[in-house]
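Notes follow once the structure below has been shown.
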Amino acid sequence: MLLNSKGNKHRRPSKAVRIATLAGVTGAAIAVPLMGATGASAASVSTWDAVAQCESGGNWSINTGNGYYGGLQFSQSSWAAAGGTQYAARADLASKAQQIAVAEKLLDMQGPGAWSCAGAGNLSNDGVDPGVDTGSSAPKAETAPKQESAPAQQAEPKKAERTEAPATNRSDRSTAPEAEKKTVTTPTGEKVKKGDGEYKVVTGDSLSRIAADHKVKGGWQKLFKLNKDIVKDADMIFPGQQLHLVK
């Protein structure tokens, strides 16, 4: 099953806490194309088969209702963050090749630690391209043709009618950057609260890892409770968020 290392794992918190992120996310949404498994991190099909055998008994269509799906037991948040929804709503509804393609992306994002069964398959970023054929790509959105309109006739305004824009418009523009400073952008383009804690989340982090490294009494559960105002899902924290380690 997928573990969670704050910033990136797709397992339940009791195993560890995961967040699905991309390094260097700033203020714009990031597209996650998965046309094939050709990223910097890669593993062979036989390796993924071994991991799946440990995770789900090798059943690529499994859905037991425990919140984890498919042969590699993706959580829904990890499946979406790594771009899996371009293939199917859940991992168990996607083909084996598609699940491996998404797993390659998650491996690149989180490393082998995202799977508790990584050891069983000897999973590593070995650079081996599995060469899977996903057989599908994200559908292109249809756009309606632009309709040309007749040019509007602009009447020259009378001098007496010219007025300045309300001063509030300028103040609104000046406060916009302040609002941006209070959020971080996730790989799917969603903005989440940044927080003002003393620890700044980096790629590869998880609540369990942070709690262990900083000897937080009460473990990841305590850390989750301390930051419940900005962390809505213990499986999902993002680089740039600032967490409180103590009250």
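A crude spin-label estimate for the pair D233 and S124, with each label 7 Å from Cα along the Cβ direction, gives 3.2 nm.
Can you sort T183, T134 by solvent-accessible area, 1.4 Å probe, largest first?
Numbers: T183 40, T134 10 Å².
Descending accessible area places them as T183, T134.
Annotation note: chymotrypsin sites (Phe, Trp or Tyr not before Pro) in region 69-130 located in DSSP loop regions with a Cβ neighbour count of at most 10 within 10 Å are absent. Using only protein heavy atoms and a 1.4 Å probe, report how much of D229 is accessible, in Å² to the nearest 10. My reading of the accessible area for D229 is about 80 Å². Rounded to the nearest 20 debye, the dipole magnitude of region 193-240 is 160 debye, with +1 charges on Lys and Arg beta carbons, -1 on Asp and Glu beta carbons, and the Cα centre as origin.
For A42, the residues whose modelled amide H falls within less than 5 Å of its own, excluding neighbours fewer than 5 places apart on the same chain, are D126, G127, V128. The accessible-area ordering, largest first, of the residues K217, K222 stands as K217, K222, per a 1.4 angstrom probe. If you plug the beta carbon distance of N63 and E198 into 1/(1 + (r/R0)^6) with R0 = 35 Å, you get a FRET efficiency near 0.30.
The values are calculated or read from the model by the stated rules, or taken from the named source; none is laboratory data. Being a predicted model, the structure only gives us computed values, none of them experimental. Don't worry about glycine lacking a Cβ; one is built from the backbone with ideal geometry, like all the others, and counts go over all protein chains shown. Heads up: the accessible areas ignore ligands, DNA and RNA and are worked out on the full protein's heavy atoms, side chains in. Shrake-Rupley method; radii C 1.70, N 1.55, O 1.52, S 1.80 Å.
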